[in-house]
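The values are calculated or read from the model by the stated rules, or taken from the named source; none is laboratory data. These numbers come from a predicted model, not from an experiment. No Cβ is skipped: glycine too gets one built from the backbone with ideal geometry, and neighbour counts run over all protein chains shown.
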């Protein structure tokens, strides 16, 4: 009986190994370029395989891998020591925007170790065609990709950055330069609007449009990439030019969908609790780095 049980256990182990191998094989086959880094992110809802685009966002990709593999020094307040944790281990998907994105990488407490630096954006607006898309159409309506909800958004994202660039500081100055402003606004491209907001673009990098399954760095404005990232559930062109795309899910998108759908169980809450949020067990590069 014991021998039979041992044989059965061995068969289960082999079967499980075969499943893992098949996942890795199909993930590799789905990659755009097998020389790209391939990340296996094991979560409490299943495995997610992510291809990273080193040529599109070299610094941000290198930072993501370094954080995942414990190669970034951070200060730990509780021990008053410098540590280098495998940063994404035990992190949760703490932010769910239903049918839009799932986000992770935030520290659980204010005292927890975290990066103390920012990584600049790596975006090619011209390659994305943003230089050819006007902010306003001939009827005066703002382009849908701006995702403006009201006049306050228009003021904050388009008008005030332009006024700042032109050193306009009063309503009287606006009135005095209204013809100039009208011309500039009618000719303004999305690229120019984002540059007015402080975004800087690099024409040497291959562009990546935010699509379903894109992995992008979360930010609080231009050049504020750090550790938090999100995965998009739908094509999201309104993010083009304002977020650095570091990779794409090549296998396990159904797991990402489950993370999103779990929000229903919380009554559409956008803030998962520690007991309901999906946890990242670990995230590691599982293929060999290319030889320099």
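Of the listed requirements (1) closer than 22 Å to residue 60 by Cβ; (2) out of contact with any strand residue (DSSP E or B) (no Cβ under 6 Å at 6 or more places or on another chain); (3) surrounded by 15 or more Cβ atoms within 10 Å (Cβ to Cβ), residue 143 misses just one: (1).
For the residues 88, 117, the requirement of being in contact with a strand residue (DSSP E or B) (Cβ under 8 Å, 6 or more places away or on another chain) and in the same structural domain as residue 211 (by TED's automatic domain parsing) singles out 88.
For every residue, the table says whether it meets (1) assigned to a loop (DSSP other than H, G, I, E, B); (2) over 21 Å from residue 222 (Cβ atoms).
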site	(1), (2)
48	no, yes
61	no, no
72	yes, yes
87	yes, yes
110	yes, yes
114	yes, no
122	yes, no
125	yes, no
160	no, no
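Apart from one condition, residue 109 fits all of (1) in contact with a strand residue (DSSP E or B) (Cβ under 8 Å, 6 or more places away or on another chain); (2) free of Cβ contacts under 8 Å to residues at least 12 places away in the same chain; the exception is (1). Applying the selection to region 62-102, what residues are more than 20 Å from residue 287 (Cβ to Cβ) and without any contact (Cβ under 8 Å) to a residue 12 or more places away in the chain? Across region 62-102, the qualifying residues are 73, 79, 80, 81, 82. The residue pairs whose first member lies in region 149-178 and is surrounded by 14 or more Cβ atoms within 10 Å (Cβ to Cβ), whose second member is at pLDDT below 95 and not in a helix (DSSP H, G or I), and whose beta carbons are closer than 7 Å, counting only pairs six or more residues apart or on different chains, are 154/148; 157/148.
Residues considered: 189, 214. Of these, the only one that is more than 29 Å from residue 40 (Cβ to Cβ) and either at pLDDT below 95 or surrounded by 14 or more Cβ atoms within 10 Å (Cβ to Cβ) (or both) is 189. The condition of being buried (at least 23 other Cβ atoms within 10 Å of the Cβ), in contact with a helix residue (DSSP H, G or I) (Cβ under 6 Å, 6 or more places away or on another chain) and modelled with pLDDT of 95 or more holds for only one of 231, 245, that being 231.
Any residue at all in region 19-26 that's crowded, with 16+ Cβ neighbours inside 10 Å, modelled with pLDDT of 95 or more, in contact with a strand residue (DSSP E or B) (Cβ under 8 Å, 6 or more places away or on another chain) and under 15 Å from residue 286 (Cα atoms)?
The initial filter retains those residues of region 19-26 that are crowded, with 16+ Cβ neighbours inside 10 Å, namely 23-24.
Narrowing further to those that are modelled with pLDDT of 95 or more: none.
No - not one qualifying residue is present in region 19-26.
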